[in-house]
């Protein structure tokens with residue numbers, strides 16, 4: 001998709017791109033494919049928030065989308081695009097499919113670059129080794145020059161092509177008046193290439209073709225590994241938007257029902273929602289009674305009955321009978337749309353996390369550039385042959401100190417850690433998630449489907465004969481408690497029962513009226529809404545209660561104790577009823593409980609916990625957990641979780657147990673130690689190598705051995721994560 005320009009906007013008009021908001025603001029969503037890191041996010045948001053009238057600018061690095069809002073006529077889509085261009089970022093209309101395709105193409109391009117660099121490094125080193133071996137006198141000047149020329153023919157096109165990921169990034173950073181890690185990398189590669197061409201032309205003994213292409217090979221390994229991990233971290237908001245109905249049933253004034261696009265729904269429209277369909281927008285029930293699955297909205301473990309006058313939210317599943325609702329919102333201002341905005345805000349905050357490699361780069365770039373410049377100035381002023389010797393030694397300093405070890409320390413460690421966790425049934429979606437997990441001090445756990453099995457089970461069987469009779473009615477219902485009753489009773493006949501929406505099942509058998517459902521409907525004494533229960537009455541007999549429980553997973557007590565043993569404070573956070581959540585927390589030894597909370601309240605709860613600087617780990621599985629999973633410092637979802645929850649989480653558990661999370665915490669902490677050890681080694685290596693480069697003692701052999709050796713040491717250190725205990 002072509003980048004937007006003022007001319008393109010003038011020809012197409014701004015209407016396809018700018019959307020009016022209910023509060024009078026204008027909103028523009030653009031893709032910024034060149035945004036890769038927290039520094040890019042800060043640069044984009046800083047450039048846009050400086051514009052007059054702009055009320056908000058938010059970058060999501062997972063989707064590489066920037067959303068801008070402004071008031072009045074002070075700004076336009078054209079001025080926003082121009083501001084992005086001045087900051088060094090091209091913009092295109094936001095298109096998820098096109099963005100995914102572009103990201104895939106970026107990955108393939110990096111693979112091509114890595115393959116070429118590997119080919120070049122192997123072949124050039126073959127000639128370089130021959131030159132090094134012949135420096136004692138066996139190889140003549142003509143042969144050595146020919147070998148240098150062949151090395152140049154191989155490395156020049158490969159270096160120019162394979163180094164593009166670094167050159168482009170460095171150029172855009174410099175154009176925007178900033179520096180990143182790719183600036184010294186590009187300088188070292190291009191200057192060494194230029195110096196090698198000069199050395200070959202004058203018949204010098206040394207050339208640096210092997211150094212430039214080998215350097216690219218090692219650095220591209222890290223770049224490819226990082227890209228693979230980042231590719232797993234896209235799509236939480238997109239998955240949640242998939243829950244919104246594409247169409248809706250509009251009830252006309254004449255009483256006819258016609259199908260319309262959900263985006264065309266206006267506040268005040270009357271809509272029909274059939275059983276098995278999701279409610280398209282927020283509204284109020286005007287006719288009908290039914291049970292709604294509110295798992296996405298509240299995390300309630302059982303369906304909720306709705307009657308005329310009840311408020312309902314978009315995304316809720318109608319499980320019972322036909323409903324007529326009056327829309328109170330459009331699709332853009334519905335509950336699902338609000339959840340998407342919450343998720344994107346959480347992802348944006350998470351993207352602002354500064355990775356260890358970025359922190360190291362902030363120190364590395366100015367120090368190395370300053371040293372190389374000082375070497376150049378010193379040799380130019382003091383050496384007899386002046387400029388040529390100064391350039392030679394400055395480039396040598398850049399080459400020998402180029403951040404191979406620094407660039408490999410993070411991705412090499414992350415890939416080894418990811419591989420180890422995959423064997424333990426933990427899928428890691430992003431590399432920096434390991435860094436964030438190592439920092440977690442508070443664990444916030446969802447209840448239904450996470451700590452519990454998410455499937456009610458009968459705990460009070462009553463009389464077997466009564467159970468068998470109740471199961472005849474239950475077999476005609478899709479209610480989860482009825483299904484649990486059927487599982488407990490086993491095989492048997494099904495009654496010709498009909499559903500009384502919001503109340504239960506009813507049938508006439510042998511001249512008697514049988515009912516299975518809510519206690520108040522059956523006239524039961526002691527019926528409560530604080531327990532999972534069904535009541536059964538046969539004719540004039542006294543109602544019988546069946547009590548259910550969403551039982552905790554078998555390993556939950558061990559899991560909670562394991563979190564505490566690792567120094568994490570444990571909280572239970574649930575949208576379910578307070579009595580149910582409190583009872584489960586008591587069983588598992590969890591001291592902090594928050595119940596009956598909505599998705600936005602969950603995000604607020606995490607925000608309050610993190611306000612004091614504590615890093616929060618969130619574990620959840622429901623659609624209603626997706627915003628909290630995105631907002632947490634780091635998050636985990638089981639394989640059974642909803643698609644939106646899995647997309648929002650940093651880690652996915654492939655199996656049912658939660659105990660692999662403990663392994664993930666141990667491995668992430670060990671990985672952090674390995675990365676810091678790699679950085680420490682890189683620092684020591686540079687302290688030793690810089691004097692040699694500055695003094696002019698660096699030859700191609702020394703440079704190649706130093707760079708390769710430092711990279712191998714870092715990789716071997718990372719491989720220590722593969723075996724043994726992580727803690």
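So what does the Cα-only Debye profile of segment 457-549 read at q = 0.13, 0.14, 0.25 Å⁻¹, as log10 I(q)/I(0), no solvent term?
For segment 457-549, the Cα-only Debye profile gives -0.35, -0.41, -1.50.
Just the Cα atoms of segment 415-509, one point each, no solvent: what log10 I(q)/I(0) does Debye give at q = 0.12, 0.13, 0.17, 0.21 Å⁻¹?
Log10 of I(q)/I(0), two decimals: -0.61, -0.64, -0.79, -1.08.
I'd like the antiparallel share, as a percent to the nearest 5, of DSSP beta bridges with both residues in segment 427-573.
Values: 21 of 25 bridges.
So the antiparallel bridges amount to about 85 percent of the total.
Sorting check: for 538-544, 451-457, which peptide has the highest mean count of neighbouring beta carbons within 10 Å, and how do the rest follow? List each step's numbers first, then the result.
On the way: 538-544: 13.9, 451-457: 20.3.
Highest to lowest by the protection proxy: 451-457, 538-544.
Report, please, the projected area of segment 475-527 averaged over directions, based on the convex hull of its C-alpha atoms, in nm². Intermediate values should be presented prior to the final figure.
On the way: hull surface 16.8 nm².
Quarter of the Cα hull surface area: 4.2 nm².
Arranged from highest to lowest average of other beta-carbon atoms within 10 Å per residue, in what order do the peptides 387-393, 204-210 appear?
On the way: 387-393: 18.0, 204-210: 25.0.
Descending mean neighbour count gives 204-210, 387-393.
Going by average Cβ neighbours within 10 Å, how do the peptides 192-201, 41-50 rank, with the highest at the top?
Details: 192-201: 20.0, 41-50: 18.3.
Most protected by this proxy first, the peptides run 192-201, 41-50.
After finding the eigenvalues of the alpha carbon gyration tensor for segment 545-603, what semi-axes result from the square roots of 5 times each, listed largest first in whole Å?
Details: eigenvalues 85, 61, 14 Å².
In descending order, the three semi-axes are 21, 17, 8 Å.
With only alpha-carbon pairs counted, each pair once and no self-pairs, how large is the Kirkwood hydrodynamic radius of segment 591-656 in angstroms? Walk me through the numbers on the way to the answer.
Details: mean 1/r = 0.0841 Å⁻¹.
By the Kirkwood definition, the hydrodynamic radius is 11.9 Å.
What translational D, rounded to a whole number of µm²/s, comes out for segment 245-333 from Stokes-Einstein when the hydrodynamic radius is the Kirkwood one over Cα pairs, at 25 °C and 0.890 mPa s?
Numbers: Rh = 12.7 Å.
Calculated translational D: 193 µm²/s.
Bear in mind these aren't lab numbers, they're just calculated from the coordinates by the rules spelled out. Values in this document were obtained by computation on a predicted structure and should not be read as measured data. Cβ: placed from backbone, ideal geometry, glycine included. Neighbour counts: every protein chain shown.
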